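All remarks here apply to the structure that follows.
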Amino acid sequence: MHAVEIFELVLALLALVLALHWVALKLRWPPATVLLVGGGVLAFLPGLPAFSLDPELALVLFLPPMLVDGAFYTPLVRFRRQLPGILSLAVGAVVFTTLVVGVVVHWLAPQLPWAACFALGAIVSPPDAVSARAVLKGVTLPRRLTTLLEGESLLNDATGLILFRFAVAATLTGVFDAGAAAREFAILAIGGALVGLAVGAAWVFVVKRLKDRMLTILATVLLSWVAYLAGEAVHVSGVIAVVVAGLVQGWWQHTVVSAAVRLQGRSASETISFVLEALVFILIGFSLRGVIDRAGGVEALGPMALVVLAVVITVTAARFVWILGSDSLAALVRRAGFKGVAPLGWRQGVTLGWAGMRGVVTLAIALTLPLDMPGRDLMLVCAFAVIFATVIVQGSSLGWVIRKIRPVDEEPPAPVHMAGAEVAIARARAAVVEGLAHGPDGEVLHPVMLEVTRRRLEFMERYAKDAETVMEDLQSTFDMTLKAHAAGRAELIRLHRAGQIEDEVLHNLERDLDVEEMGILFQRGD
């Protein structure tokens with residue numbers, strides 16, 4: 001395609017994203033499902049050119065920013081606490097699924113080498129970070145489940161990619177050394193973590209010294225791609241490098257980044273994530289036509305149907321077997337006297353088992369298959385079937401499953417709730433104002449600020465005792481304040497339209513009104 005045609009295609013895809021996302025909101029369906037189906041349907045419209053998603057570009061373009069965005073907001077304390085469960089899912093469940101799928105495929109298609117069967121298992125085994133983020137936005141889960149799912153989606157892609165690399169090499173060379181594979185796995189993982197720490201530390205060093213807001217935001221946006229490419233350049237796991245760099249960034253951003261950068265950077269990050277997330281599902285759908293064409297057309301899918309269906313069922317069942325089986329083992333260990341082990345219970349276990357959506361990583365890995373790989377066409381079709389089945393069926397029904405099962409959040413919350421934290425902040429601010437509001441002779445130098453601070457502290461203490469009642473009383477105050485802001489904004493625009501104020505006056509005062517309005521909306525909980 002010509003460069004201008006590529007640009008026109010990108011614009012058309014963005015317009016399509018808007019339309020399909022609007023449809024999803026109207027139908028109250030998960031946007032990921034509508035985007036995936038919409039892209040798949042449009043791929044077969046007559047007159048549209050066949051589209052092929054470059055796998056290497058897909059991985060480097062979409063995966064790093066999604067991973068770092070997830071890591072950025074990951075609660076590090078809870079992540080460390082749930083690390084055994086996260087590793088069980090990100091490593092144990094992926095390896096188990098790879099092995100089970102490989103056995104099932106070899107049983108149904110014995111002409112395929114064992115290594116090729118396991119390569120297919122590695123392709124479809126890791127749940128996807130992009131898919132998980134897209135679906136979890138519309139549901140409310142217990143804190144422990146959220147931590148497990150987010151942590152799993154951050155780390156399991158690395159496991160799947162490494163297993164796939166070993167399986168393909170074994171298929172093409174006929175040689176596989178389990179000991180050497182385990183050592184290389186450890187080197188890739190540890191090396192990726194070290195690269196991530198180095199990139200994260202470099203980011204902290206740089207942003208501490210950058211005084212320009214836009215440069216700081218740019219450095220923050222570039223972090224994910226720098227970490228991924230640096231990891232791949234030294235032949236370690238770029239995925240783990242991105243995750244570790246994102247965790248470092250999320251931990252330090254509270255102290256090394258200014259409030260203005262944090263607010264503006266969050267808006268930029270949310271916009272980038274929204275666009276990339278939406279595009280990836282559209283592009284996966286668009287790629288369906290090319291995959292079917294490479295497999296020999298629709299008529300060639302018939303002989304594959306049994307294996308494809310078996311792979312979809314096996315992928316889903318293996319996740320449930322691993323989660324419920326390991327949870328039953330944890331329950332036995334706890335009954336044996338090890339109180340530090342906390343099983344999930346069947347409600348949380350079933351919910352976790354159903355939240356295993358596959359996406360861009362599965363497709364990108366499948367598309368990197370060598371042309372001489374035995375069973376390549378079957379692997380591509382299976383990868384697509386698993387993506388469609390998990391995103392459409394599981395993704396669209398996850399909210400329903402949660403409402404029916406009602407998983408209980410058994411993990412105790414932090415000892416200080418939000419109202420208590422707000423009181424602590426108000427007391428700290430009041431202590432400073434009390435100390436600075438008086439002169440050396442005891443005279444009050446700032447009486448208005450002192451009075452406002454004291455009243456705010458009194459209000460926050462009353463709010464902490466009965467937050468629900470206080471917020472109900474405040475709704476009318478918020479509404480009145482917003483109406484007053486609207487009147488002020490209308491008057492500002494009238495003055496500008498009448499030519500009575502300059503543009504810079506309009507922009508400066510409008511910014512002040514915007515900041516005040518956002519503060520009110522945040523307090524109201526919008």
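The values are calculated or read from the model by the stated rules, or taken from the named source; none is laboratory data. Note that the coordinates shown come from a computational prediction; the quantities given were computed from them, not determined experimentally. Please note: Cβ atoms are built from the backbone with ideal geometry, for glycine as well, and neighbour counts cover all protein chains shown. Heavy atoms of the whole protein, side chains included, go into the accessibility calculation; ligands, DNA and RNA do not. Shrake-Rupley method; radii C 1.70, N 1.55, O 1.52, S 1.80 Å.
Looking at the range 385-403, which of its residues are β-branched (Val, Ile, Thr), under 22 Å from ARG289 (Cβ atoms) and touching a residue at least 40 places away in the same chain (Cβ under 8 Å)?
Within the range 385-403, VAL386, ILE387, THR390, VAL391, ILE392 meet the criteria.
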Original post:
In the range 328-369, how many residues are open to solvent by 10 Å² or more (accessible area, probe 1.4 Å) and under 26 Å from the mean Cα position of the chain (by Cα)?
Top reply: 10
Original post:
Filtering the range 26-35 down to residues that are at pLDDT 80 or above and more than 20 Å from the chain's Cα centre (by Cα), which residue is nearest to ARG358 (Cα to Cα)?
Top reply: LEU27
**OP:** Only residues that are more than 15 Å from TRP114 (Cβ to Cβ) and either open to solvent by less than 30 Å² (accessible area, probe 1.4 Å) or modelled with pLDDT of 80 or more (or both): list them for the range 159-173, please.
**Re:** THR159, GLY160, ILE162
**OP:** Report, by residue number, each residue of the range 480-526 that is farther than 21 Å from ALA260 by Cβ, part of a helix (DSSP H, G or I) and modelled with pLDDT under 85.
**Re:** ARG524
Original post:
Do we have PHE281 as surrounded by fewer than 21 Cβ atoms within 10 Å (Cβ to Cβ) and modelled with pLDDT under 85 here?
Top reply: no
Original post:
When PHE274 is evaluated against the numbered criteria (1) over 30 Å from MET66 (Cα atoms); (2) open to solvent by 20 Å² or more (accessible area, probe 1.4 Å), which criterion, by number, is the only one it fails?
Top reply: (1)
Original post:
Out of curiosity, is LEU222 over 30 Å from SER397 (Cβ atoms), within 19 Å of the chain's Cα centre (by Cα), at pLDDT 80 or above and open to solvent by 60 Å² or more (accessible area, probe 1.4 Å)?
Top reply: yes
**OP:** Please enumerate the residues belonging to the range 472-492 that are without any contact (Cβ under 8 Å) to a residue 12 or more places away in the chain and of a type in the set (Val, Ile, Thr).
**Re:** THR477
**OP:** Would you check if PRO64 is within 16 Å of the chain's Cα centre (by Cα) and open to solvent by 20 Å² or more (accessible area, probe 1.4 Å)?
**Re:** no
**OP:** Could you name every one of the helices (runs of 4 or more DSSP H) located completely within the range 160-257 that has at least 3 residues being under 22 Å from GLY92 (Cβ atoms)?
**Re:** 178-209, 238-256
**OP:** Confirm whether VAL321 is over 12 Å from VAL124 (Cβ atoms), open to solvent by 60 Å² or more (accessible area, probe 1.4 Å) and assigned to a helix (DSSP H, G or I).
**Re:** yes
Original post:
Could you count how many residues in the range 434-454 are free of Cβ contacts under 8 Å to residues at least 24 places away in the same chain, open to solvent by less than 60 Å² (accessible area, probe 1.4 Å) and closer than 26 Å to ASP466 by Cα?
Top reply: 1
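Out of curiosity, is ASP473 more than 29 Å from ARG427 (Cβ to Cβ), open to solvent by 50 Å² or more (accessible area, probe 1.4 Å) and charged (D, E, K, R)? If you could, list the steps in order and put the result at the bottom.
Details: more than 29 Å from ARG427 (Cβ to Cβ): no; open to solvent by 50 Å² or more (accessible area, probe 1.4 Å): yes; charged (D, E, K, R): yes.
Here the answer is no, as ASP473 does not meet what is asked.
For (1) modelled with pLDDT under 85; (2) surrounded by fewer than 20 Cβ atoms within 10 Å (Cβ to Cβ); (3) within 25 Å of the chain's Cα centre (by Cα); (4) in a loop (DSSP other than H, G, I, E, B), each residue gets a yes or a no:
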{"position": "VAL381", "(1), (2), (3), (4)": "no, no, no, no"}
{"position": "VAL386", "(1), (2), (3), (4)": "no, no, yes, no"}
{"position": "THR390", "(1), (2), (3), (4)": "no, no, yes, no"}
{"position": "GLY399", "(1), (2), (3), (4)": "yes, yes, yes, no"}
{"position": "PRO415", "(1), (2), (3), (4)": "yes, yes, no, yes"}
{"position": "ALA424", "(1), (2), (3), (4)": "no, yes, no, no"}
{"position": "ARG429", "(1), (2), (3), (4)": "no, yes, no, no"}
**OP:** Go through the residues of the range 25-42 one by one and say whether even a single one is in contact (Cβ under 8 Å) with a residue 40 or more places away in the chain, among the hydroxyl-bearing types (Ser, Thr, Tyr) and either surrounded by 18 or more Cβ atoms within 10 Å (Cβ to Cβ) or in a helix (DSSP H, G or I) (or both).
**Re:** yes
**OP:** Quick one: PHE7 ticks every box in (1) more than 16 Å from PHE274 (Cβ to Cβ); (2) open to solvent by less than 40 Å² (accessible area, probe 1.4 Å); (3) modelled with pLDDT of 80 or more; (4) not polar (S, T, N, Q) except a single one, so which number is it?
**Re:** (2)
**OP:** For residues that are farther than 20 Å from LEU148 by Cβ and exposed (fewer than 15 other Cβ atoms within 10 Å of the Cβ), scanning just the range 303-318, find the one that is nearest to the chain's Cα centre (by Cα).
**Re:** ILE313
